[in-house]
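Remarks on the structure that follows.
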Amino acid sequence: MFNAYAHVLENIAGLTEAGGFLGVCSLTPQMPAYQAYEEAVLYVQGKRFQDPSVINSSIISAVQGHYGDYHLTEKNKGSRLWISPLMPLY
């Protein structure tokens with residue numbers, strides 16, 4: 001069962017990365033609101049002494065089409081993350 005679930009998520013991530021997943025109540029890279037959100041998060045996380053948010057970084061990673069053990073920031077390097085295309089859904 002998990003194998004089929006993993007394939008579905010991997011395929012959704014591939015569609016997202018290619019710009020083909022339009023979402024259902026989901027953040028997508030084409031949305032001006034998402035673009036402003038990503039810009040704000042990356043701006044704040046880029047400031048000195050700012051601790052990057054794992055949650056916000058994971059959402060941005062998922063919207064960009066990344067899947068599995070992907071690290072947007074150095075904060076969690078060495079730990080295992082699970083980026084899922086379900087993360088931008090709300």
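Values for this structure:
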item: Number of positions in segment 36-70 that are in a loop (DSSP other than H, G, I, E, B) and touching a helix residue (DSSP H, G or I) at 6+ places or on another chain (Cβ under 8 Å); result: 8
item: Whichever residue in segment 17-72 is more than 13 Å from Leu86 (Cα to Cα) and among the hydroxyl-bearing types (Ser, Thr, Tyr) and, among such residues, is farthest from the chain's Cα centre (by Cα); result: Tyr43
item: Failed item, numbered, when Gly65 is tested on (1) at pLDDT below 95; (2) small (Gly, Ala, Ser); (3) crowded, with 17+ Cβ neighbours inside 10 Å; result: (1)
item: Every pair of residues 6+ apart whose Cβ atoms lie under 6 Å, when the first sits in segment 25-51 and is surrounded by 10 or more Cβ atoms within 10 Å (Cβ to Cβ) while the second is β-branched (Val, Ile, Thr); result: Leu27/Val63; Pro29/Val63; Glu38/Ile60; Gln50/Val44
item: Residue selected from segment 69-90 under the condition exposed (fewer than 15 other Cβ atoms within 10 Å of the Cβ) and touching a residue at least 40 places away in the same chain (Cβ under 8 Å), by the criterion farthest from Ser58 (Cα to Cα); result: Tyr90
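Every residue, every condition in (1) modelled with pLDDT under 95; (2) basic (Lys, Arg), yes or no:
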residue: Gln35; (1), (2): no, no
residue: Val44; (1), (2): no, no
residue: Arg48; (1), (2): yes, yes
residue: Asp69; (1), (2): yes, no
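The values are calculated or read from the model by the stated rules, or taken from the named source; none is laboratory data. Note that the structure is a prediction, hence the values are computed from the model and not measured. Every residue, glycine among them, receives a Cβ derived from its backbone with ideal geometry; neighbour counts consider all protein chains shown.
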